[in-house]
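The values are calculated or read from the model by the stated rules, or taken from the named source; none is laboratory data. As the structure is a computational prediction, the values presented were derived from the model and not from experiment. Cβ sites come from the backbone with ideal geometry, for glycine too, and all protein chains shown count toward neighbours. Heavy atoms of the whole protein, side chains included, go into the accessibility calculation; ligands, DNA and RNA do not. Shrake-Rupley method; radii C 1.70, N 1.55, O 1.52, S 1.80 Å.
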Amino acid sequence: MGIEVAVEGLTKSFGTQTIWRDVTLTLPAGEVTVLLGPSGTGKTVFLKSLIGLIKPEDGTVRVDGVDMVNDPDRRVFRARKRFGLMFQDGAMFGSLNLYDNIAFPLREHTRKTEREIRRIVLEKMDTVGLAGEEKKVPGQISGGMRKRAGLARALVMDPEIILCDEPDSGLDPVRTAHLSQLLIDVNARIDATMLIVTHNIEIASTVPDNIGMLYRRDLVAFGPRETVIASEDPVIAQFLRGSPEGPIGMSEEKDAALLAEEAARAANRPRPVARPIEIPAQLRPSPGEPERSGEIRHAARVDALLPSLPHAAAEAIRRGRVATAEAAAVAAAAQQAAAQRAASASQPAPQPETHPAPQPPPLPPEFRPPGETP
Amino acid sequence: MTTPQMSVPGAAALRQTGRLFALAGTVLAMTFRRPFQLRELIQQFWFIASVAILPTMLVSIPFGAVISLQVGSLAKQLGAQSLTGGASVLAVVQQASPLIVALLISGAAGSAICADLGSRTIREEMDAMEVMGVSPIQRLVVPRVLACTAVAVLLNGLVSVVGVAGGYFFNVELQDGTPGAYLASFSALAQLPDLYVSELKALIFGFIAGVVASYRGLNPRPGPKGVGDAVNQSVVVTFLLLFFVNLVMTAIYLEVVPAKGA
Ligand SMILES: Nc1ncnc2c1ncn2[C@@H]1O[C@H](COP(=O)(O)OP(=O)(O)OP(=O)(O)O)[C@@H](O)[C@H]1O
Ligand SMILES: [Mg+2]
């Protein structure tokens, strides 16, 4: 069972440069959250602050009663064992081979026998697609392999909180898709609280329960996935579409003259008809994996929140849930068809065991699509 | 809670000094923290010994010779040839030997330690270790500092012997001294505390060399150039500290332990 991470009033500066200020958010237990933000807005600094590697000047990060910012080192050290952090650059130990790198936390903190360690390490290496590379040292592998090794090391202790710094950068599109699925499956299996920093819109829009965004020293958005995707805030909208037009420029912010010029140009152009933004379905655990308890808790939490949300946000949540339910139904049908084909092909062999795909949580009655009766 | 960044001149230097002492204290405390990193200690010990032994020997023979020649000719001018042996032995054992050992350990091993730790720091390996709840100080720094200290103490014994033997050879063979006078003056002037203080110096110097190298290695400025600068500074800072500490220790020793026959 994951644990909640409550961040309150966090402010960090290096010298005179303020990285971000007064960041307040809660990573709900067992839920998956994605943190977005233009390059250089301090996402990595934020992750490192959560785990106590960087000490912000102000604010608190509470993890099960421990304040990772202000508590004495001894307590922070103990609390860190509940985290798994995947570094942006992998941060593998250059002097150890991949196997020993990934076995490191097990050897340090558990009394497992070398045989058990071997089983766990090989299994994790297999899940990140590094089987057979045990003997290589970090200097001999590609950047993408280093990241996957870093992920395997972060997962090896089955941590309660998993922080991933750009797990997708340096990976090809297929591996990125596998990685998204892997993250969701890990969440389903160990119910860890997860925070993923990424620039990948595909991951941001299909994997998490919640999305946050850092921009110009502030947390400009934090909320359920659907509401942030549907947000009309120009910064968020521009970022999610990856468009050059909008307030985000190549440097931290565009200067005023450039903005005015752009506004003039946009005014002259025919405006596209405003249509509702599509909310993609959320990724679900692979067949055979358990339900995500985090997803169920998230749904309950959002249901409680619904009455207080503006209409557009509630509508976005409804569309997101419909899309997710539809995708799950399609996947289940496809799986059943495949199972039947396999069964009829191999008669009279015994029916192969099929795992039903986990079903998403039901919609609250007021948000069921019209025409559907319970 | 904000930490005011004072801009008093010299504050930065004081802060660095404070952090250096804090690291030294942490290393001492962590030495007794389990699990003790025996494997790492042995590896480091072996490494430091292997890079330091040969250069130390090669330096100590001519150095012992120079001191013995210089003292020998001075003693001749003063008409005290019979005391050459003891005088040069004292100079070698008490002053030259611990310094030579510490300088070479700092130059040959400290620079390697600093570069190793520095490149690990900028590759975030230290952060990764801390995140996994393992203290890099206990895991990496303590074995290195202990290895530096132990190698310094042991090499100091070796250099003392080599220096004294070299002095004997040059005095007897080249300056027409007599073996009997050399040995007699040796036992007349030298005493066991001279050797003790020599070893104590080597111990402290080795510790300083290890701590300074580790401190700079743990706090490089970012980037490969930062590591290069850190290595450079670690050697220079160690040298400065060694000569200063040597001055203090020598002064105290000469006050506290009465010279033999005085
Ligand atoms: N140790 C440090 N000392 C001084 N400034 C730092 C330090 N670490 C980070 N910064 C500054 O903090 C800002 C945020 O850096 P950070 O690495 O968190 O960005 P990021 O959001 O992770 O970017 P990216 O998406 O490119 O990884 C940058 O302007 C950087 O220069
Ligand atoms: Mg980053």
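So B:Asp176 clears everything in (1) away from chain A (no Cβ under 14 Å); (2) in contact with a helix residue (DSSP H, G or I) (Cβ under 8 Å, 6 or more places away or on another chain) except one condition, right? Which one?
(2)
Return a yes/no flag: does segment B:71-91 have any residue that is touching a strand residue (DSSP E or B) at 6+ places or on another chain (Cβ under 6 Å) and either among the charged types (D, E, K, R) or more than 22 Å from B:Val162 (Cα to Cα) (or both). Walk me through how you get there before you give the answer.
Of the residues in segment B:71-91, the ones touching a strand residue (DSSP E or B) at 6+ places or on another chain (Cβ under 6 Å) are none.
So far as segment B:71-91 goes, no, none of its residues is touching a strand residue (DSSP E or B) at 6+ places or on another chain (Cβ under 6 Å) and either among the charged types (D, E, K, R) or more than 22 Å from B:Val162 (Cα to Cα) (or both).
For B:Ser111, indicate whether it is assigned to a helix (DSSP H, G or I), modelled with pLDDT of 85 or more and crowded, with 17+ Cβ neighbours inside 10 Å. I'd like the intermediate steps shown before the answer.
On the way: assigned to a helix (DSSP H, G or I): yes; modelled with pLDDT of 85 or more: yes; crowded, with 17+ Cβ neighbours inside 10 Å: yes.
Yes.
So for segment A:79-93 (the condition being in a helix (DSSP H, G or I) and closer than 26 Å to A:Thr11 by Cα), does at least one residue qualify? Steps first, please.
At the first step, the residues of segment A:79-93 found to be in a helix (DSSP H, G or I) are A:79-80.
Checking which are closer than 26 Å to A:Thr11 by Cα leaves us with A:79-80.
Scanning segment A:79-93, I find at least one residue that is in a helix (DSSP H, G or I) and closer than 26 Å to A:Thr11 by Cα, so the answer is yes.
Can you spot a residue in segment B:91-105 that is over 14 Å from the mean Cα position of the chain (by Cα), free of Cβ contacts under 8 Å to residues at least 40 places away in the same chain and in a helix (DSSP H, G or I)?
yes
Taking segment A:24-52 as the search range and keeping residues that are polar (S, T, N, Q) and open to solvent by 10 Å² or more (accessible area, probe 1.4 Å), which one is nearest to ligand 2 (Cβ to nearest atom)? Walk me through how you get there before you give the answer.
First, pick out the residues of segment A:24-52 that are polar (S, T, N, Q): A:24, A:26, A:33, A:39, A:41, A:44, A:49.
Applying the additional criterion that residues be open to solvent by 10 Å² or more (accessible area, probe 1.4 Å) yields A:24, A:26, A:39, A:44.
On the way: A:Thr24: 21, A:Thr26: 22, A:Ser39: 7, A:Thr44: 3 Å.
Selected residue: A:Thr44.
What are the pairs with Cβ atoms under 6 angstrom where one residue, in segment B:113-136, is facing chain A (nearest Cβ under 7 Å) and the other, located anywhere, is part of a loop (DSSP other than H, G, I, E, B) and of a type in the set (D, E, K, R)? Sequence gap at least six, or different chains.
Between residues of segment B:113-136 that are facing chain A (nearest Cβ under 7 Å) and residues that are part of a loop (DSSP other than H, G, I, E, B) and of a type in the set (D, E, K, R), the close pairs are B:Gly133/A:Lys81.
So, A:Gly94, is that one farther than 20 Å from A:Ile3 by Cα and open to solvent by 10 Å² or more (accessible area, probe 1.4 Å) or not?
Taking the combined requirement at face value, the residue satisfies it.
Would segment A:303-313 turn up any residue that is closer than 24 Å to A:Val186 by Cβ and surrounded by 15 or more Cβ atoms within 10 Å (Cβ to Cβ)? Explain how you work it out, then say what you get.
Residues of segment A:303-313 that are closer than 24 Å to A:Val186 by Cβ, as a first pass: none.
No, every residue in segment A:303-313 fails to be closer than 24 Å to A:Val186 by Cβ and surrounded by 15 or more Cβ atoms within 10 Å (Cβ to Cβ).
Taking the stated definitions as given, is A:Leu96 within 14 Å of chain B (Cβ to nearest Cβ), under 26 Å from B:Gln138 (Cα atoms) and touching a residue at least 60 places away in the same chain (Cβ under 8 Å)?
Working: within 14 Å of chain B (Cβ to nearest Cβ): yes; under 26 Å from B:Gln138 (Cα atoms): yes; touching a residue at least 60 places away in the same chain (Cβ under 8 Å): no.
It is false that A:Leu96 is within 14 Å of chain B (Cβ to nearest Cβ), under 26 Å from B:Gln138 (Cα atoms) and touching a residue at least 60 places away in the same chain (Cβ under 8 Å).
Go through segment A:63-74 and report how many residues are more than 9 Å from every other protein chain (Cβ to nearest Cβ) and surrounded by 15 or more Cβ atoms within 10 Å (Cβ to Cβ).
5
List the residue pairs whose Cβ atoms are under 6 Å apart, where the first residue sits in segment A:139-166 and is free of Cβ contacts under 8 Å to residues at least 60 places away in the same chain, the second is within 16 Å of ligand 2 (Cβ to nearest atom), and the two are 6 or more positions apart or on different chains.
If the second residue must be within 16 Å of ligand 2 (Cβ to nearest atom), the pairs left are A:Gly143/A:Gly170; A:Gly144/A:Gly170; A:Gly144/A:Leu171; A:Arg146/A:Gly90.
In this structure, is A:Asp185 of a type in the set (D, E, K, R) and assigned to a loop (DSSP other than H, G, I, E, B)?
Numbers: of a type in the set (D, E, K, R): yes; assigned to a loop (DSSP other than H, G, I, E, B): no.
Considered against the rule, which asks whether it is of a type in the set (D, E, K, R) and assigned to a loop (DSSP other than H, G, I, E, B), A:Asp185 comes out as no.
For segment B:162-176, name all the residues that are of a type in the set (A, V, I, L, M, F, W, C) and open to solvent by less than 100 Å² (accessible area, probe 1.4 Å). Walk me through it before giving the result.
Residues of segment B:162-176 of a type in the set (A, V, I, L, M, F, W, C): B:162, B:164-165, B:169-170, B:172, B:174.
Across segment B:162-176, the qualifying residues are B:Val162, B:Val164, B:Ala165, B:Phe170, B:Val172.
Mind listing whichever residues of segment A:211-236 are outside any loop (DSSP other than H, G, I, E, B) and charged (D, E, K, R)? Break it down stepwise before answering.
Just the residues of segment A:211-236 that are outside any loop (DSSP other than H, G, I, E, B), to begin with: A:211-215, A:218-229, A:234-236.
Within segment A:211-236, A:Asp218, A:Arg225, A:Glu226 qualify.
So, in segment A:1-52, of the ones that are farther than 19 Å from A:Pro159 by Cα and of a type in the set (Lys, Arg), which residue ends up farthest from the other protein chains (Cβ to nearest Cβ)?
Per the criteria, the residue is A:Lys43.
If you check A:Lys112 against the conditions, is it of a type in the set (D, E, K, R), in the same structural domain as A:Cys164 (by TED's automatic domain parsing) and buried (at least 22 other Cβ atoms within 10 Å of the Cβ)?
When the stated conditions are applied, A:Lys112 does not pass them.
Go through the residues of segment A:47-55 one by one and say whether even a single one is in contact with a Pro (Cβ under 9 Å, 6 or more places away or on another chain) and within 13 Å of ligand 1 (Cβ to nearest atom). Let's see the steps before the verdict.
Within segment A:47-55, the subset in contact with a Pro (Cβ under 9 Å, 6 or more places away or on another chain) is A:49.
Going one step further and asking which of them are within 13 Å of ligand 1 (Cβ to nearest atom), we end up with A:49.
Yes; the residues of segment A:47-55 include at least one that is in contact with a Pro (Cβ under 9 Å, 6 or more places away or on another chain) and within 13 Å of ligand 1 (Cβ to nearest atom).
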